[in-house]
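Structure first, commentary second.
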Amino acid sequence: MQFIGSKGEKYRATIKPASNFNAEHDCEVLKKAMKGLGTDENAIVEVLGRRNNAQRVQIKKTYKTMFGKDLVEDLKSELGGVFEKAVTESLFELDYYDAYSLHEAMKGAGTREEVLTEILTSRSNEQIEHIKTLYQQHFGKNLEEDISRETGGFYKRVLVSCLQANKPELSYDQIEKLRQHGPSAVVSINQAKAEAAELYNAGEKKMGTDEATFIKIFCMRNKFQLRATFDEYEKISGKDIFESLNTEMSGDLESALKAIAFQAVNTPFYFATRLYKSMKGAGTTDTTLIRILLTRSEIDLSDIKKEFATEYNQTLESFVKGDTSGDYGAFMMRFVEGN
């Protein structure tokens, strides 16, 4: 899968496949760490915090083959609290992790719309299709039906659009053109100008807002085309797209359209703001912190760290250290600092 920004820049991960990986050896270390009285938490941090997701999933499978026991269950019996949550969730295959997170966000009373927005606006078509399949397999429910029941109005329409996994994506040849010649090689400027005018006429130029036009354009174009449209929009309106969304939209719809816009303009900045909000003030939203560090560490966490430092004048490392502690903090820092 190609992880590239809308300017053609290649995103930078913090976690890479560990060299000289040996799943059997890692399983022996983990088994020993949980043997007898007490638990060697540091050994668990050192093994699982220095492997990429594919390797952690292989460790889980190998552990069951070697010992006839489930690694997640063994870890749950030895650990507790947010450290247990972070460690066991690190063993989830990533698309399943998204399906699980969506299910958790809609389980019980109330819905965590920010989780739905974060996941469904930032995943590729292939990922969305896999997430839908895994959601059905593991939870016995149709994801689109659950989303439709838990949300409403124009916000629901954005999420349902994302769930169609039908946004145009670049072919291999187009990616090569992008790398060689830049975004202008893969976008239609005429289309960008026309759709920028549509957005302007649907918002700034009229009383009220034609939300359907915004949804159609935002959900039907890839990030490269959208960025070109937003550039043209600023020429017409004298405002950037985010300023207009501030005045034309509100609530969950505003958040969803901004999330899509950030995927086009600066994906790492979007996740930097999500991390900041998860840690600012009293207390920490650990579910958000864990999910983003685990899911972005192999995509663009190095870029997220850079955006975080620029925007908030503090490093992500210092923020995470200040908001976590003990074995949990040590484990999270593995993903922030990289292996």
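The values are calculated or read from the model by the stated rules, or taken from the named source; none is laboratory data. Keep in mind the model is a prediction, meaning the values are calculated, not measured. Every residue, glycine as well, gets a Cβ built from its backbone with ideal geometry; the counts of neighbours run over all protein chains shown.
In a residue-by-residue description of the range 24-46, the property of being surrounded by 19 or more Cβ atoms within 10 Å (Cβ to Cβ), closer than 22 Å to residue 265 by Cα and of a type outside the set (Phe, Trp, Tyr) applies to no position.
Filter the range 191-215 down to the residues that are surrounded by 16 or more Cβ atoms within 10 Å (Cβ to Cβ) and among the acidic types (Asp, Glu) and list them by number. Residues satisfying the conditions are 195, 198, 204, 211.
Taking the range 273-319 as the range and being touching a residue at least 12 places away in the same chain (Cβ under 8 Å), assigned to a helix (DSSP H, G or I) and hydroxyl-bearing (Ser, Thr, Tyr) as the test, the residues that pass are 273, 276, 278, 287, 288, 295, 302, 312.
Is at least one residue of the range 129-140 under 19 Å from residue 113 (Cβ atoms) and surrounded by fewer than 18 Cβ atoms within 10 Å (Cβ to Cβ)? Checked against the condition, which is being under 19 Å from residue 113 (Cβ atoms) and surrounded by fewer than 18 Cβ atoms within 10 Å (Cβ to Cβ), the range 129-140 yields at least one hit.
Quick check: is even one residue across the range 10-24 in contact with a helix residue (DSSP H, G or I) (Cβ under 7 Å, 6 or more places away or on another chain), hydroxyl-bearing (Ser, Thr, Tyr), in contact (Cβ under 8 Å) with a residue 24 or more places away in the chain and not assigned by TED's automatic domain parsing to the domain that holds residue 144? Among the residues of the range 10-24, at least one is in contact with a helix residue (DSSP H, G or I) (Cβ under 7 Å, 6 or more places away or on another chain), hydroxyl-bearing (Ser, Thr, Tyr), in contact (Cβ under 8 Å) with a residue 24 or more places away in the chain and not assigned by TED's automatic domain parsing to the domain that holds residue 144, which makes the answer yes.
How do the pairs read when you match residues in the range 149-173 that are without any contact (Cβ under 8 Å) to a residue 12 or more places away in the chain with residues anywhere that are among the hydroxyl-bearing types (Ser, Thr, Tyr), using Cβ under 9 Å and keeping only pairs 6 or more apart or on different chains? As it stands, the answer is 156/148, since those pairs meet every condition given. With respect to residue 104, is the statement that it is touching a residue at least 24 places away in the same chain (Cβ under 8 Å) and surrounded by fewer than 18 Cβ atoms within 10 Å (Cβ to Cβ) true? So residue 104 passes the test.
Given the condition among the hydrophobic types (A, V, I, L, M, F, W, C) and surrounded by 21 or more Cβ atoms within 10 Å (Cβ to Cβ), answer yes or no: does some residue in the range 169-176 qualify? No, the conditions are met nowhere in the range 169-176.
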